[in-house]
Amino acid sequence: MPHDVAAIADTMRGRRTLVVTGAGISTAAGVPDYRNTGAPERRSIEYEDFVLHEIWYRYLWWRNEMSWTLLEHVSPTAGHRALARLEEAGLVIGIATQNVDRLHTQAGSRRVAELHGTFDAVVCLHCGARFTRAHMSEMIHAANPGLEFPAPPLANLEILAAKDEDAARRNPITVPACPRCDGMLKPDVVFFGEPLPKAPVRAASAMAGSCDVVLTVGTSLAVSTGMWVVMQAMENGAQLAVANRGPTEADRLADLIVDAEADELLVALADSLLEDPP
Ligand SMILES: [Zn+2]
């Protein structure tokens, strides 16, 4: 039952919408998905690998530093900016995202539940200290004088590195320890095998409990996190609108389905719902 953008705009008009976003909203900015590509030979380093095996701990940080160099320069898309405008106008109450790229916040969205964490922060597994990824980068460079971190092409960006034994054995990096307690440091993104962070889960739950409409954009919902938010909102009586290129896990539950690129859809929605587009 394909619908058009006007039908979604009509559903959102004068109501409170929670938007659930996935990798599809960031692909126009060049950011590939990090947990959903799924080919078994390219399996990501999992939480247990990372905390128990030094070889994977060091390799993840080596690859993470290269990716950071890239991701630091990625900018929000027209779709991210359209969502910020819709929130400003009170039509969108917030965003629950599976993305870790911080592009919603950079675009001006204020209420963003980052369910898979954020690439922009680092956390100590021992004392809980949290600091910026930029600071981690400074510490990595200080601990590895002269070592270069050649950035891969953006299309090959890996938020969590795939397990590559040969490359891991050749990895030259010295990983700095927590400046406060000397503990192990972890990018503040959710690894496979790791529970979701509590604060964004609570925030998403609260928004799911107070929205009239839940709109999913740029996610097949194959990752269960987004689906969990959708189910919470629907149990609360929200209508479901689904916008994605291709089918999603929620199609059978949806009141409205639009096959569209995230950017195209969100810009059209903002133009249709807001009187004075900039
Ligand atoms: Zn610490």
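The values are calculated or read from the model by the stated rules, or taken from the named source; none is laboratory data. If you're wondering where the values come from, they're calculated on a predicted model, not measured in any experiment. Every residue, glycine among them, receives a Cβ derived from its backbone with ideal geometry; neighbour counts consider all protein chains shown. Quick note on the areas: whole protein, heavy atoms, side chains included, nothing else; ligands and nucleic acids left out. Shrake-Rupley method; radii C 1.70, N 1.55, O 1.52, S 1.80 Å.
Data for the structure
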read-out: Gap separating the Cα centres of the stretch 139-209 and the stretch 51-95, nearest whole Å; value: 12 Å
read-out: Rh (Kirkwood; distinct C-alpha pairs) - the stretch 221-268, Å; value: 11.3 Å
read-out: Antiparallel DSSP beta bridges within the stretch 2-275, percent to nearest 5; value: 25 percent
read-out: For the chain, Cys with no neighbouring Cys Cβ under 4.7 Å; value: Cys211
read-out: Rg [Å, one decimal], Dmax [Å, integer] - the stretch 135-196, C-alpha atoms; value: 13.5, 37
read-out: Heavy-atom SASA rank of Met207, Met231 (probe 1.4 Å, accessible area, largest first); value: Met231, Met207
read-out: Sequence of Ile55, Ile173 from largest to smallest accessible area, 1.4 Å probe; value: Ile55, Ile173
read-out: Full-extension gain in nm, Ser272 to Arg16, via 0.36 nm per residue minus C-alpha separation; value: 90.6 nm
read-out: Carbon and sulfur %, accessible surface of the chain computed with the full protein complex present, 1.4 Å; value: 50 percent
read-out: Compactness relative to 2.2 N^0.38 Å, alpha carbon Rg of the stretch 42-102; value: 1.62
read-out: Gaussian network model of the chain, springs between alpha carbon atoms under 10 Å - residue of Asp101, Asp263, Asp49 with greatest fluctuation; value: Asp49
read-out: Largest-first principal axis extents, alpha carbons of the chain, Å; value: 57, 36, 34
read-out: Residues Ala78 and Thr174, FRET efficiency given R0 of 45 Å [Cβ-Cβ distance, rounded to 0.05]; value: 0.65
read-out: Exposure of His141 as accessible area (Å², to 10), given a probe of 1.4 Å and all protein chains; value: 90 Å²
read-out: Average accessible area per residue (Å²) across the stretch 2-275 - probe 1.4 Å, nucleic acids and ligands excluded; value: 43 Å²
read-out: Cubic angstrom per residue, convex hull over Cα atoms of the stretch 1-145; value: 153 Å³
read-out: Long-range HN-HN contacts of Ala121 with modeled amide H, under 5 Å; value: Arg133, Asp188
